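**Student:** One structure, pasted below without further comment.
The values are calculated or read from the model by the stated rules, or taken from the named source; none is laboratory data. Note that this is a predicted model, so its numbers are computed, not measured. Quick reminder, even Gly has a Cβ in these numbers, built from the backbone with ideal geometry, and neighbours come from all protein chains shown. Ligands, DNA and RNA are stripped out before the accessible areas are found, and what is left, the full protein with its side chains, is counted by its heavy atoms. Shrake-Rupley method; radii C 1.70, N 1.55, O 1.52, S 1.80 Å.
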Amino acid sequence: MIAIQDKSRTTLMAREAAEAPERCAAQIARNAGLMREVGQRLRVLVPPFAATLARGSSDQAAAFAKVLLETRAGLPTLSHAPSIGSLYKATSPRFKGVPLIAISQSGRSPDLIAAAVDAQRQGALVVTIVNDDASPLAELADICIPIHAGPETSVAATKSFIGTLVALAHLAAEWSEDKALLAALASVGDVLEAAVAADWTGAVPLLKEPGNMLVLGRGLTLPIAGEAALKFKETSSLHAEAFSIAEVAHGPMTLIGEGDPVLALGPIDAARAGLRERLEDFRARGAQVIAVGHPDDVAAATLALPGQWDVHPVLNAIAQIQSFYGLANALSLARGYNPDAPPHLAKVTRTL
């Protein structure tokens, strides 16, 4: 285990992920004025709904935005498929006056750019959340929110994804005038530093050999589960699928039997409901359950991972992916892969 951890510090993925706490703390300060202005502008707009536009890890961030906006701002939020605008040129005229939140680390994916342009044609207010504020997507935006993550070289997005989640939380807090979340975001650097220090590599022996697994979440942690499953595929060639803790009982849990791994990322808000019983079900069928969550919820787990329960639920969810990246990096190396250069992938995906 020590050898894995020492070696992992040499990867770009590990080094870049460890930069996230400082970058996110700086982001909150640098974007404070901008976010207040954007929040006020969006409240005045009073749209009937909001929409997101994204691919890959950014689409997991978009799912996080949906939970934030629907629970904080009471605003229905849909996922706008890029191909509707990029290929079909069929963005609905009902997008007039609707905020379209386009999320991209690079801001250079042709399909997202084309879809954003088509949405603007229909009168949408394009809000971009990008790492490169000089990118084409940023330049066409009506409102551009930079995440200030700094250059990210590893193909596996880490600090840019975390920075995007923090920016979305900041946006939702200002939009909905959520004073508790705004106050909590002031401590995001400390929360993420603690998440970096939380060692999840005890799960490596349970995940080194399997070829398939489930990753569970609910509410704020379901998009985190989606990103974790994506990273397992990307960096370790481990076929992981993400499901809601509630939805998994509607069929997918039949795939899990004796010795199969399940990673559960437990929320600490109302979405905790049913988690303990679900994990007990998996353990009863012999699954290797790796879980993070409230201690009462994860008592049945094969391995309970360290987490933070005295923080805001939004920050808790973001902290989970920060801790997870350390596990993903170590597992990739243990399985014989290079997490910085996954096969067949590029930093900027160019599709239309």
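**Student:** Is there any pair linking a residue in region 186-202 that is more than 27 Å from residue 32 (Cα to Cα) to one that is open to solvent by 10 Å² or more (accessible area, probe 1.4 Å) and among the β-branched types (Val, Ile, Thr), with Cβ under 8 Å and at least six apart or on different chains, and which?
**Tutor:** Here the result reads 201/4, each pair linking region 186-202 to a residue that is open to solvent by 10 Å² or more (accessible area, probe 1.4 Å) and among the β-branched types (Val, Ile, Thr).
**Student:** Let me confirm something: among 86, 79, which residue is small (Gly, Ala, Ser), out of contact with any Cys (no Cβ under 7 Å at 6 or more places or on another chain), open to solvent by 30 Å² or more (accessible area, probe 1.4 Å) and touching a residue at least 12 places away in the same chain (Cβ under 8 Å)?
**Tutor:** Details: 86 fails: open to solvent by 30 Å² or more (accessible area, probe 1.4 Å).
Sole residue among the options that is small (Gly, Ala, Ser), out of contact with any Cys (no Cβ under 7 Å at 6 or more places or on another chain), open to solvent by 30 Å² or more (accessible area, probe 1.4 Å) and touching a residue at least 12 places away in the same chain (Cβ under 8 Å): 79.
**Student:** Restrict the check to region 307-325 and report whether at least one residue is modelled with pLDDT under 95 and under 21 Å from residue 260 (Cα atoms).
**Tutor:** no
**Student:** Name the helices (runs of 4 or more DSSP H) wholly inside region 1-109 in which the number of residues that are farther than 21 Å from residue 146 by Cβ is 1 or more. Break it down stepwise before answering.
**Tutor:** Working: elements: 2-8, 12-18, 20-30, 32-45, 56-68, 82-86.
Ranges flagged: 2-8, 12-18, 32-45, 56-68, 82-86.
**Student:** Sticking with this structure for a sec: Go through region 177-200 and count every residue that is under 20 Å from residue 30 (Cα atoms) and either at pLDDT below 95 or not in a loop (DSSP other than H, G, I, E, B) (or both). Spell out the reasoning first.
**Tutor:** Our first condition is that a residue be under 20 Å from residue 30 (Cα atoms); within region 177-200, this holds for 177-193.
Of the ones still in play, those that are also either at pLDDT below 95 or not in a loop (DSSP other than H, G, I, E, B) (or both) are 179-185, 188-193.
Total meeting the criteria: 13.
**Student:** Out of the residues in region 151-176 that are among the β-branched types (Val, Ile, Thr) and open to solvent by 20 Å² or more (accessible area, probe 1.4 Å), which is modelled with the lowest pLDDT? Don't jump to the end; show me each part of the working.
**Tutor:** Filtering region 151-176 down to residues among the β-branched types (Val, Ile, Thr) leaves 153, 155, 158, 162, 164, 166.
Now drop any that are not open to solvent by 20 Å² or more (accessible area, probe 1.4 Å), which leaves 153, 155.
Values: 153: 90, 155: 86.
The residue in question is 155.
**Student:** Can I ask one more? Could you list all residues from region 202-225 that are open to solvent by 10 Å² or more (accessible area, probe 1.4 Å) and either in a helix (DSSP H, G or I) or within 16 Å of residue 330 (Cα to Cα) (or both)?
**Tutor:** First pass over region 202-225, keeping only residues open to solvent by 10 Å² or more (accessible area, probe 1.4 Å): 202, 205-206, 208-212, 218-219, 222.
202, 205, 206, 208, 209, 210, 219, 222, listed by residue number.
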